[in-house]
Amino acid sequence: MTHPMDLIPAPARVEGPYRCDFVLDRRTTLSAAAGTETTARWLRHTLGAAFGLPLRETADENATNSVRLRLDDSLAPEAYRLHVVINEVVEIIGGGPAGVFWGAQTLRQLLGPEAFRAAPVGTKAVAGLTAQTIEDAPRFGWRGLMLDVSRHFMPKGDVLRYLDLLAAHKLNVFHFHLTDDQGWRIEIKRHPRLTEVGSWRARSKWGHRASPLWDETPHGGFYTQDDIREIVAYAADRHITVVPEIDLPGHSQAAIAAYPELGNTDVVDTAALTVWDSWGVNPNVLAPTEAVLRFYEGVFEEVLDLFPAATSPFVHVGGDECPKDQWKASPAAQARIEELGLADEDELQSWFIRHFDRWLAARGRRLIGWDEILEGGLADGAAVSSWRGYGGGIAAAEAGHDVVMCPEQQVYLDHRQAPGEDEPMPIGYVRTLEDVYRFEPVPPGLSPEAAAHILGTQANVWTEVMQNRSRVDYQVFPRLAAFAEVAWSALPAPEARDYPAFERRMDTHYRRLDALGVDYRPPAGPHPRQQRPGVLGRPLEGKPPIV
C-alpha cells in the first residue's frame, strides 16, 4: 500500500492515515449508484485484474467489506471525497461522475504500484488500505496533453494507452493533432485521397531538419472513422474530452498533395507536391477560395459527426505558422484581399479563421487555435492556445477570450530534459522535471477578470524526432507527472514549491510507471538503448527568458 503523501497529483486535504487497515479480498463487493457505472467497470477491469479480485456487484448500499461509489451534488463536478473506514468500507463520493472517477484513480495509487499491473504478481488475492479520508478537487478545468500523430503516426492501441496514462494523472483533455504537412491521419469519406495519398510519405528526415540523414522507410497510417469513434468513446469512459485538430490555412501540404486544387496553383505547381518528408515551417498554404472553404466544411461535417458535442465541444483549427509569401505573390489571393476589403495577408488569414469560427458556432461548437489567430483580429467566439510564451494568452485574456496556457519554453515536452550529448536527438532548450514543476499557468500581474479566462493548461508533444511509442514515452515521462500536479493541485508560487518533496514522491511514482511499462527517462539519464548517438538534434544553449 502507498502512504497518501506519495500521491501524484498531491491532494488538497488528507485526514489520517490511521493504524488500522481495510483489506480488499475475494469477498469485497462493489456498489455503484446511478451515474457511476463507468467507474465501476473501470475498477473491475483494473483492480480486478491487478489483484485477481471479482469485485462482485451488490445492490446493498449498506454492505460492509464493500467499495461504494456515490454522487453528491454539493461537491464540484470533478471534486471527490475518498473515505476508508476501518474494516468496513471504501467510499468514493464525487460531485459528478468525473469526480468519482478521479477518486478511483486515487484509490488505485493508494493500493500501491502493484495496482498498476495487468495481472497479479503476488500469491495472495488481497489489497490493503489504511483508514483515512482524502478530499480533493482540481485547480483547472482544462488539464491537457496535445499529441502530434501527424509527424509520426501512433497506432490506435497506443493512443488508447495514452488515454489511460492521462487518466492515471487526472488529466482530462486530449488534444489530437490529426493533420499536418507530413501526414493526414483521419478518414474523410467524401475526400478519400486525403488518406489514400495524404497519409503516406516516401521517407522521413532522421533527426532535426539540418541533419544530413534520412530514414528511407515509407511512413504513414491513419485512423478509420470507426477507430476515431472507438477512441472518443474510450476517452469519454475516462472523462477525457477529445479536441480534434484539423490544421488550416498553413501546415496543409499533405492535403494539397492529395488535392492539388487546394493550393495556390497560380504561383506553385501543386500537382508536383508530395507529402512533406522534412520538418519545420512549410511554405505551401491553402488558397483563399470559396472552393477551399467548401472542401474544409465537408471535412468538418464528418469531423463533427465523429467527435460529438457532448464529448468534444472544442474543435482546433491550428492557424499557426502560416507563411504569407504565396499569397503575396498570387494574383488570385491579392484579388481576393481586394474583393473582401481586407488590409493585408494577416487579415486574409483572419478571414479563414473567422469563417470557420462562425461555421462551427452555428453547429454548437467552439473554435480554438494557436495564438497566431490573434493576427489580423480574433474571431469573437474563438479561444486561444497560447504557445509562443505568455504574451498571446495575456492579450487574448485581457480582450475577453478564453485561453489555454501551453507556452513552448515551459511545457513543450519534445524539448530536451537535460544538457549533454546523451539526450536522444536533443531539441530546444533544457526543460527539466523541476522546471516543469515550477511552471505557473496564470501569469503574474494578470487582472482578475482576465485570469478568469484562463481555462487551464496543457503540455504539447510534437513528434518530429519521436519515431515510436518508446521515444514518446521518454520525452513525456516523468515530466508529465510534474505537469499533472501543476494542473490539478493548488500549489504555492513557483519559487515556494517543495520540489525535494515532489522528488521523494516520484520514487513511488517511478514504480507505478514501471508497472505500466512506461519507457520514461531515468533520473540518472537515458539508458544506452534510449540514446541516438550521431543523429543531429537542434542544440540550443541556456534557458531563454520567460515571455
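Only the coordinates and a few stated rules stand behind these numbers; no lab work does. Everything numeric here is computed off the predicted structure, so don't read it as measured data. Positions of Cβ are generated from backbone atoms using ideal geometry, with glycine treated the same way; all protein chains shown enter the neighbour counts.
A protection proxy built from the mean count of other Cβ atoms within 10 Å ranks the segments 172-180, 75-83, 355-363, 529-537, most packed first, as 172-180, 75-83, 355-363, 529-537.
For the stretch 145-152, the Karplus equation 6.51 cos²θ - 1.76 cosθ + 1.60, evaluated at θ = phi - 60°, returns couplings of 9, 9, 10, 8, 9, 7, 5, 9 Hz by residue, with Gly and Pro reported as x. Full extension of the chain segment joining Ala361 with Ala309 gains 17.6 nm, where the gain is 0.36 nm per residue of separation less the Cα-Cα distance. The Cα-based radius of gyration of the chain, divided by its Kirkwood radius, gives an Rg/Rh of 0.99. Considering helices alone, the calculated mean residue ellipticity of the chain at 222 nm is -9000 deg cm²/dmol, with DSSP H runs of length four and up weighted by -39500 (n - 2.57) and normalised per residue. Note on the stretch 4-136: with charges restricted to the Cβ of Lys and Arg (+1) and Asp and Glu (-1), its dipole about the Cα centre is near 500 debye. Taking label positions 7 Å along the Cα-Cβ direction at both Ala343 and Glu301, the computed distance is 3.6 nm, reported to one decimal. Ranked by the mean number of other Cβ atoms within 10 Å per residue, highest first, peptides 386-397, 509-520, 54-65, 266-277 order as 386-397, 509-520, 266-277, 54-65.
When +1 charges are put on Lys and Arg Cβ atoms and -1 charges on Asp and Glu Cβ atoms, the dipole computed for the stretch 196-310 relative to its Cα centre reaches about 480 debye.
Considering only Leu129, Pro113, Val90, and ranking their Cα positions along the charge dipole of the stretch 4-136 that arises from unit charges at the beta-carbon of Lys, Arg, Asp and Glu, the one farthest toward the positive end is Pro113.
For Val243, the residues 5 or more places off, or on other chains, whose built amide H falls under 5 Å of its own are Phe174, His175, Phe176. Each of His509, Ser199, Thr64 was placed along the dipole of the chain (beta-carbon charges, centred on the mean Cα), and the one lying farthest toward the positive end is Thr64. Along the axis of the charge dipole computed for the stretch 319-386 (Cβ charges of +1 for Lys and Arg, -1 for Asp and Glu, origin at the Cα centre), the listed residues Ala362, Ala335, Ala382 are led at the positive end by Ala362. In order along the stretch 229-242, phi translates into HN-Hα couplings of 4, 5, 4, 5, 5, 4, 5, 4, 5, 9, 6, 10, 7, 9 Hz, rounded to whole numbers, per the Karplus curve 6.51 cos²θ - 1.76 cosθ + 1.60 with θ = phi - 60° and x for Gly and Pro. Note on Arg209 and Glu321: the model spin-label points, each 7 Å out from Cα along the C-beta direction, lie 0.7 nm apart. Determine the shape class of the stretch 4-136: with a ≥ b ≥ c the square roots of the Cα gyration tensor eigenvalues, call it rounded for a/c under 1.5, and otherwise prolate if a/b is greater than b/c, oblate otherwise. Taking the square roots of the gyration eigenvalues as a ≥ b ≥ c, the stretch 4-136 is rounded. Computed over the stretch 1-147, relative contact order equals 35 percent, with contacts defined as Cα pairs under 8 Å that lie 6+ residues apart.
Taking a straight Cα-Cα cut-off under 30 Å and skipping sequence neighbours fewer than 8 places away in the same chain, the lysines within cross-link reach of Lys328 are Lys205. Over all other residues within a Cβ to Cβ distance under 11 Å of Ala309, the charged ones net out to +2, with Lys and Arg as +1 and Asp and Glu as -1. Evaluated with a Cβ-only charge set (Lys, Arg +1; Asp, Glu -1), the chain carries a dipole of roughly 1800 debye about its Cα centre, given to the nearest 20.
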